[in-house]
Amino acid sequence: MQIVPSIAIKRLAIKLRPSAEKMVKKSHPWIFADSIVKQNTTANAGDIAIVYDQKKNSILAIGLYDPFSPIRIKLLQFKKPAQINSDWFLQTLQNAYALRVPLLATATNSYRLLYGENDHMPGFITDVYAGVAVIKLYAAIWFPYLNQIIPHIIQVTKCTTVVIRLSRNVQALEQTYGIYDGQVVYGTLTNEVIVFEEHGIQFSANVIKGHKTGYFLDHRHNRKRVGELSNGKTVLDVFSYAGGFSVHALAGGATAVTSVDISKQALQMAAKNAALNTHSGIHTCMAVDAFEGLQQLIDQRQKFDVVVIDPPSFAKREAEIGKAKNSYARLARLGTQLVTSGGVLVLASCSSRVLATDFFEICEQNMKAMGAFFKIESKTYHDVDHPVIFPEGAYLKCAYYRLG
């Protein structure tokens, strides 16, 4: 399969500073530019970098060189030699698929097949929506290998269509590689909006123009849980986006659901997703800034049996961590005031730079500061199709608090 023109690949010999070498020995997948002390030749995106032990001169790891990123080498293989070729990619994809098999045994036909570094494919994401595989590339290192990888994705997933999405930094290289964001590289796509199933609930994803690959699959297990908590209840879904929690709540028998998001377009998607499923509850949408919307509801003395607050990442850079923590504190305080006695407050974070222990402590301290009595029902992390093999790969955390 010829997706891109053939690109010649070089092999590099790399040696590192002792501190970086120590991290590689722990199977950390990132090597920063300033960690490299010896490199035998200049390199292009996707060239194979072989990292050698300083003293023993044995192979520590193998990765791909990225001249466009401060993470200069992204590692694929640790501790033992390997040929990074078609067979290696097939085995890697088969290993990834095997982890998802239990999920696919449920009434679900949408899943993340490749979660970047955590599936030994740094900067390479693949989500599947009902027979459509959507690849999202966050690094140019993968262009030389697409002709090998995509046929294996088709083979492993049995998908009939493959779409390529490119992150903003990679879109700048579209002309160089002849691939553009939203390109259908295999099969046909009669409608860019794909309807898929998640634990028996119908949703839609715009695989050409939607955020990321078209939808956020990571909260699947939490959405199911909220649906199970919602029978006969009133539910508030804050930062609802396309209505993931709202739709599960309605399908789960909620009497009324309020979706809050600043984006009118997102709320239209939420309404359409709700309409894909049978429900009798009342669905109300509020297009407003979440913090303002929460205060409005408090001022109106409204209460809900289940309140879900799942904001986007507040800390994409280290400098934003303090502000993010303040935002989580505000949300915990606001949310606490909107839950009925005996109701459930669900608080979530997808900021990888805010550790789970810190996030939960912030939530609980601020709930107590509001005079709330609560029981921690559970704390959840990544679903099965978002495995974590290194600290920076973990980002999702969610807590369920039953208020007294």
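What about I208, is it open to solvent by less than 10 Å² (accessible area, probe 1.4 Å), in contact (Cβ under 8 Å) with a residue 40 or more places away in the chain and either touching an Asp or Glu at 6+ places or on another chain (Cβ under 9 Å) or among the β-branched types (V, I, T) (or both)? Let's see the steps before the verdict.
Values: open to solvent by less than 10 Å² (accessible area, probe 1.4 Å): no; in contact (Cβ under 8 Å) with a residue 40 or more places away in the chain: yes; either touching an Asp or Glu at 6+ places or on another chain (Cβ under 9 Å) or among the β-branched types (V, I, T) (or both): yes.
When the stated conditions are applied, I208 does not pass them.
Just to verify a result, which residue in segment 22-45, among those that are in contact with an Asp or Glu (Cβ under 8 Å, 6 or more places away or on another chain) and open to solvent by less than 20 Å² (accessible area, probe 1.4 Å), is farthest from A394 (Cα to Cα)? If you could, list the steps in order and put the result at the bottom.
As a first pass, look at segment 22-45 and keep what is in contact with an Asp or Glu (Cβ under 8 Å, 6 or more places away or on another chain): 29-30, 45.
Okay, now just the ones that are also open to solvent by less than 20 Å² (accessible area, probe 1.4 Å), so 29, 45.
Working: P29: 14, A45: 26 Å.
Selected residue: A45.
Consider L12 against the criteria (1) within 24 Å of G116 (Cβ to Cβ); (2) out of contact with any Ser or Thr (no Cβ under 7 Å at 6 or more places or on another chain): it satisfies all of them except one. Which criterion is unmet?
Of the numbered conditions (1) within 24 Å of G116 (Cβ to Cβ); (2) out of contact with any Ser or Thr (no Cβ under 7 Å at 6 or more places or on another chain), the odd one out for L12 is (2).
Check whether at least one residue in segment 160-170 is in contact with a strand residue (DSSP E or B) (Cβ under 9 Å, 6 or more places away or on another chain), open to solvent by 30 Å² or more (accessible area, probe 1.4 Å) and free of Cβ contacts under 8 Å to residues at least 40 places away in the same chain, and report yes or no. First the steps, then the outcome.
Of the residues in segment 160-170, the ones in contact with a strand residue (DSSP E or B) (Cβ under 9 Å, 6 or more places away or on another chain) are 160-167, 170.
From what is left, the residues that are open to solvent by 30 Å² or more (accessible area, probe 1.4 Å) are 160.
Checking which are free of Cβ contacts under 8 Å to residues at least 40 places away in the same chain leaves us with 160.
Yes, there is a match, as at least one residue in segment 160-170 is in contact with a strand residue (DSSP E or B) (Cβ under 9 Å, 6 or more places away or on another chain), open to solvent by 30 Å² or more (accessible area, probe 1.4 Å) and free of Cβ contacts under 8 Å to residues at least 40 places away in the same chain.
Any residue that is under 19 Å from I7 (Cβ atoms), open to solvent by 60 Å² or more (accessible area, probe 1.4 Å) and touching a residue at least 40 places away in the same chain (Cβ under 8 Å) - is there at least one of those in segment 62-71? Quick ask: steps written out before the conclusion?
Residues of segment 62-71 under 19 Å from I7 (Cβ atoms): 62-69.
Checking the rest, the ones that are also open to solvent by 60 Å² or more (accessible area, probe 1.4 Å) come to 68.
Cutting the leftovers down to touching a residue at least 40 places away in the same chain (Cβ under 8 Å) gives us 68.
Checked against the condition, which is being under 19 Å from I7 (Cβ atoms), open to solvent by 60 Å² or more (accessible area, probe 1.4 Å) and touching a residue at least 40 places away in the same chain (Cβ under 8 Å), segment 62-71 yields at least one hit.
Quick check on my filter: what residues within segment 344-363 are outside any helix (DSSP H, G or I) and either on the phi > 0 side of the Ramachandran plot or surrounded by fewer than 21 Cβ atoms within 10 Å (Cβ to Cβ) (or both)? Outline the logic, then answer.
First, the residues of segment 344-363 that are outside any helix (DSSP H, G or I): 344-355.
Within segment 344-363, C350, S352, R353, L355 meet the criteria.
For a quick check of your reading: which helices (runs of 4 or more DSSP H) sit entirely within segment 261-336 and have at least 2 residues that are surrounded by 20 or more Cβ atoms within 10 Å (Cβ to Cβ) and hydroxyl-bearing (S, T, Y)? Can you show your working first?
Working: elements: 264-275, 290-299, 321-336.
Correct list: 321-336.
The values are calculated or read from the model by the stated rules, or taken from the named source; none is laboratory data. Everything numeric in this text was worked out from a predicted model, so none of it was measured. We place every Cβ from the backbone using ideal geometry, glycine too, and count neighbours over all the protein chains shown. Ligands, DNA and RNA are excluded from the accessible area calculation, which covers all protein heavy atoms including side chains. Shrake-Rupley method; radii C 1.70, N 1.55, O 1.52, S 1.80 Å.
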